[in-house]
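This report concerns only the one structure given below.
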Amino acid sequence: MGKREKNGATEAVEQIVLEYFLRVPDVKEPLAKNQKNLLIKALKDEQYMLNERIITKKIELEKQKELEQLKRVYEKECKEKEQLNSFDSMRKILFEGIIVAALVGLAINQATELIFDFKELINQTIKLPVWIITILIIVVIILILICIIGKYFIDKFCELYNLINNKNDC
């Protein structure tokens with residue numbers, strides 16, 4: 001134990017204890033100086049131990065607060081990371097959707113040219129009204145496109161739905 005400074009409270013406690021023991025009626029002779037010093041030393045040691053316990057408790061509380069703060073920061077970073085991952089996935093899905101839409105546009109353009117070429121071919125071999133042939137070709141191509149595009153978008157929307165509703169741990 002190191003050297004300790006006296007404060008007013010310590011001196012007051014020492015004085016009260018000394019006066020009590022000096023005035024007790026059962027004690028026939030006053031305390032010897034050695035006994036007084038031992039009593040004062042015991043009180044000082046007890047006070048020192050109490051101070052040490054208080055300091056230890058304060059340090060433990062500070063460490064606990066730091067751990068709780070670190071835990072909150074970690075949870076916040078996990079949530080941010082999860083949001084970034086979901087935003088990246090949504091952006092990827094939307095980008096793929098835009099590419100598919102562009103490809104569908106090109107397919108429709110090519111289908112239109114094919115319709116006119118096919119209509120002329122059928123017109124030359126079979127004598128049906130032009131509007132019936134055009135409608136039949138358009139219906140067939142639209143049905144094919146609906147099946148292809150529908151399958152793709154259903155898969156992508158299911159993936160997006162699962163991404164939004166499933167929580168991933170960091």
Original post:
Of the residues A101, A111, which single one is surrounded by 11 or more Cβ atoms within 10 Å (Cβ to Cβ) and either over 30 Å from D155 (Cα atoms) or touching a residue at least 24 places away in the same chain (Cβ under 8 Å) (or both)?
Top reply: A111
Original post:
Residue check, Y161 against (1) surrounded by fewer than 12 Cβ atoms within 10 Å (Cβ to Cβ); (2) among the hydroxyl-bearing types (S, T, Y); (3) more than 46 Å from the chain's Cα centre (by Cα), all met but one. Which one?
Top reply: (3)
**OP:** Please go through region 34-80 and pick out each residue that is surrounded by 11 or more Cβ atoms within 10 Å (Cβ to Cβ) and among the polar types (S, T, N, Q).
**Re:** Q35, N37, Q47, N51
Original post:
Can we say V104 is modelled with pLDDT of 75 or more, touching a helix residue (DSSP H, G or I) at 6+ places or on another chain (Cβ under 8 Å) and assigned to a helix (DSSP H, G or I)?
Top reply: yes
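Got a sec? Which of L38, L43, L18 is in a helix (DSSP H, G or I) and modelled with pLDDT of 75 or more?
Numbers: L38 fails: modelled with pLDDT of 75 or more; L18 fails: modelled with pLDDT of 75 or more.
Checking each option against the conditions leaves just L43.
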Subject >> region 125-146, residues that are surrounded by fewer than 14 Cβ atoms within 10 Å (Cβ to Cβ), modelled with pLDDT under 80 and in a helix (DSSP H, G or I) >> reply: T125, V130, W131, I132
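The values are calculated or read from the model by the stated rules, or taken from the named source; none is laboratory data. Here the structure is a predicted model, which means the values were calculated and not measured. Every residue, glycine as well, gets a Cβ built from its backbone with ideal geometry; the counts of neighbours run over all protein chains shown.
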